[in-house]
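The values are calculated or read from the model by the stated rules, or taken from the named source; none is laboratory data. Just so it is clear, the model here is predicted, and its values are computed rather than measured. Here the Cβ is made from the backbone with ideal geometry for all residues, glycine too, and neighbour counts use every protein chain on show.
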Amino acid sequence: MKVVVLVSGRGSNLQSLLDAIDAGRCEASVVAVISDRAAAPALALAHARGIATEVVNPSDYPDRTTWDAALARAVATYAPELVVLAGFMRILEASMLQRFAGRMVNVHPALLPAFPGRDAPAQAVAKRVSLSGCTVHLVDAGVDSGPILAQAAVPVLPADDAVTLHERIQRAEHWLLPAVIQAIANGSIVLESDGPRYTGAKDNAATIFYWPPLT
Ligand code: GRF
């Protein structure tokens, strides 16, 4: 399954996806990594692995709509079957949403619908919840509001701050995102126009809801 990954930052989720592919745990191929920021460390990571990289920087375009259309053209060049937002910090608009409708997934560091938007681990700490985690969901026009594909839960410990909680959540992300991409690749999750469908291999799909994974 051909995948284009969109990144804005560090790229630890990109790294975990590439590691899962290398280890044979994810039958996908990252054909390009595209960023809104030339300085994103994730781009260097991709470049070092010989993966095509591109920057589509909003400041090079007169407005968000034109930028979004340019991003859609850049992504479409690689004809991906799936677009993965892995720490991509921009809201997408009509060109991206229409062109890749139902074929775009995002990973978010909270158990949605709780704590959408930025600083989700800080929001969780501030609310003193005892359980948080990560969510992989389809991208729609809202902020972290699309249909949920899978979640993994982690505890929030009394001594946690936003940084320590985010580190724990990221360990779950690094497992969950490749697992969901594999589930899409092998047909355990089918992305249909009216939302995700879990196929006959439902038991396999269900195991991805827990961290650590149930065996
Ligand atoms: C992750 O925590 C993800 O949930 C959020 O942005 C962060 C990206 O981290 N959307 P990284 O760049 O993959 O390390």
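Apart from one condition, Ala20 fits all of (1) free of Cβ contacts under 8 Å to residues at least 40 places away in the same chain; (2) out of contact with any strand residue (DSSP E or B) (no Cβ under 9 Å at 6 or more places or on another chain); the exception is (1).
The combined condition, being in a loop (DSSP other than H, G, I, E, B) and at pLDDT 95 or above, is fulfilled by Leu92.
Flag: Val125 does not match the condition of being closer than 18 Å to Ala183 by Cα, crowded, with 18+ Cβ neighbours inside 10 Å and in contact with a helix residue (DSSP H, G or I) (Cβ under 8 Å, 6 or more places away or on another chain). In the set Ala110, Ala79, Ala150, only one residue is at positive phi and either among the hydroxyl-bearing types (Ser, Thr, Tyr) or touching a strand residue (DSSP E or B) at 6+ places or on another chain (Cβ under 9 Å) (or both); that residue is Ala79.
Can Val4 be described as within 16 Å of the ligand (Cβ to nearest atom), surrounded by 13 or more Cβ atoms within 10 Å (Cβ to Cβ) and in a strand (DSSP E or B)? In short, yes.
Kindly evaluate Gly50 against the criterion of being of a type in the set (Gly, Ala, Ser) and more than 16 Å from the ligand (Cβ to nearest atom). In short, yes. Listed by first and then second residue, the pairs linking a residue in segment 4-16 that is more than 17 Å from Glu54 (Cα to Cα) to a residue that is surrounded by 18 or more Cβ atoms within 10 Å (Cβ to Cβ) and among the acidic types (Asp, Glu), with Cβ atoms under 7 Å apart and 6 or more places separating them unless they lie on different chains, are Asn13/Glu173.
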